[in-house]
1. Out of residues 5 or more away from D80 or on other chains, whose amide H comes under 5 Å of its own, with H placed 1.01 Å from N in the peptide plane?
2. Consider a paramagnetic label point 7 Å from the Cα of A82 along Cα→Cβ; state which residues of the stretch 106-132 have an amide N under 20 Å from it.
3. Considering only protein heavy atoms and a 1.4 Å probe, what is the carbon-and-sulfur percentage of the accessible area of the stretch 54-131?
Amino acid sequence: MKPWTTPLLASVFVAACALTACSNDGATTTTSADMTMAGTTPAPGVAAAAAPNEIVIAGFAFSVPARVPPGDRITVRNDDTAEHTVTADAAGAFDVEIEGGGTATLTVPSTPGTYAFHCTYHPTMHAALVVG
Ligand SMILES: [Cu+2]
């Protein structure tokens with residue numbers, strides 16, 4: 001067997017596993033792969049992407065969850081140094097201000113629907129919150 005074949009296949013398997021969130025059916029073959037993975041890529045990349053009910057502001061742009069439950073309280077995280085707001089276009093639906101590097105809590109409207117919002121300081125920043 002060529003010496004590089006097994007590690008290569010192992011990392012392909014790990015990558016496929018990470019993408020598909022597969023179960024541990026192949027446990028007998030993953031031992032060396034797990035050790036490789038522990039040394040290079042501990043799992044945080046996957047976990048960091050998975051904050052479902054959080055609006056993230058970075059680079060003067062909003063990243064919004066696909067859908068949030070009515071009446072929920074979600075976190076707004078501002079990764080920029082500039083202060084931003086999450087202000088509903090429809091007055092009164094919600095309006096929170098988030099300092100640079102800070103977080104704030106937004107109470108989602110209790111009526112399902114799509115709520116366009118913007119940043120009052122930066123008129124080019126637009127997004128929409130889908131409640132339902
Ligand atoms: Cu802004």
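The values are calculated or read from the model by the stated rules, or taken from the named source; none is laboratory data. Note that the structure is predicted; figures quoted are calculated from it, not measured. Don't worry about glycine lacking a Cβ; one is built from the backbone with ideal geometry, like all the others, and counts go over all protein chains shown. Remember, those area values only see protein heavy atoms, side chains included, never the ligands or the DNA or RNA. Shrake-Rupley method; radii C 1.70, N 1.55, O 1.52, S 1.80 Å.
1. Counting only residues 5 or more places away or on other chains, the set is G59, G101.
2. 117-128
3. Ligands and nucleic acids excluded, carbon and sulfur give 50 percent.
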